[in-house]
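Single-structure report; data block below.
The values are calculated or read from the model by the stated rules, or taken from the named source; none is laboratory data. Quick caveat, the model's predicted, so the values are computed rather than measured. Here the Cβ positions follow ideal geometry from the backbone for every residue, glycine too, while neighbour counts run over all protein chains shown. These accessible areas exclude ligands, DNA and RNA; they are computed on the full protein's heavy atoms, side chains included. Shrake-Rupley method; radii C 1.70, N 1.55, O 1.52, S 1.80 Å.
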Amino acid sequence: MTDLTLEDVERQLNRATDLETEEAVSVLRTAREDLRALDNDPDVDEQRRQALEERLDQRIREVQNRDAYDSGLGASMNPEEDDAP
């Protein structure tokens with residue numbers, strides 16, 4: 001049994017929000033590994049663990065694609081922006 005908790009993983013997920021892309025992905029991947037280490041822990045709520053794993057995977061994808069979102073592609077989605085087509 002480990003001292004790691006789901007709350008620890010959630011803190012890592014929240015912490016990654018304010019980090020640069022590479023560091024955020026690293027923190028999130030570590031959090032995902034930590035979460036997988038809790039996979040066989042009988043004291044862990046499996047449903048909550050799975051939901052957190054899905055959030056982590058989604059957040060990793062978001063962070064990896066963050067640069068694409070910031071590159072002006074969003075202007076086409078907001079016609080009030082000066083750069084909108």
For segment 6-73, dividing by residue count, accessible area per residue (probe 1.4 Å) in Å² works out to 66
A 1.4 Å probe over the protein heavy atoms gives segment 6-73 a carbon and sulfur accessible-area percentage of 40
For segment 20-36, in residue order, the Karplus 3J(HN,Hα) values (coefficients 6.51, -1.76, 1.60; θ = phi - 60°; whole Hz; Gly and Pro = x) are 5, 3, 4, 5, 4, 4, 4, 4, 5, 5, 5, 4, 5, 4, 4, 5, 5
Karplus ³J(HN,Hα) for segment 41-46 (6.51 cos²θ - 1.76 cosθ + 1.60, θ = phi - 60°; Hz, whole; x = Gly/Pro) runs 7, x, 8, 9, 5, 4
Computed ³J(HN,Hα) along segment 59-66: with the Karplus parameters 6.51/-1.76/1.60, θ = phi - 60°, integer Hz and x for glycine or proline, the list is 5, 4, 4, 4, 5, 5, 9, 4
Classified through the alpha carbon gyration tensor (a ≥ b ≥ c as square roots of its eigenvalues; rounded if a/c is under 1.5, else prolate when a/b is larger than b/c, else oblate), segment 6-73 comes out prolate
Quick calc, segment 6-73, dipole around Cα centre from Cβ unit charges on Lys, Arg (+) and Asp, Glu (-), nearest 20 debye, gives 180
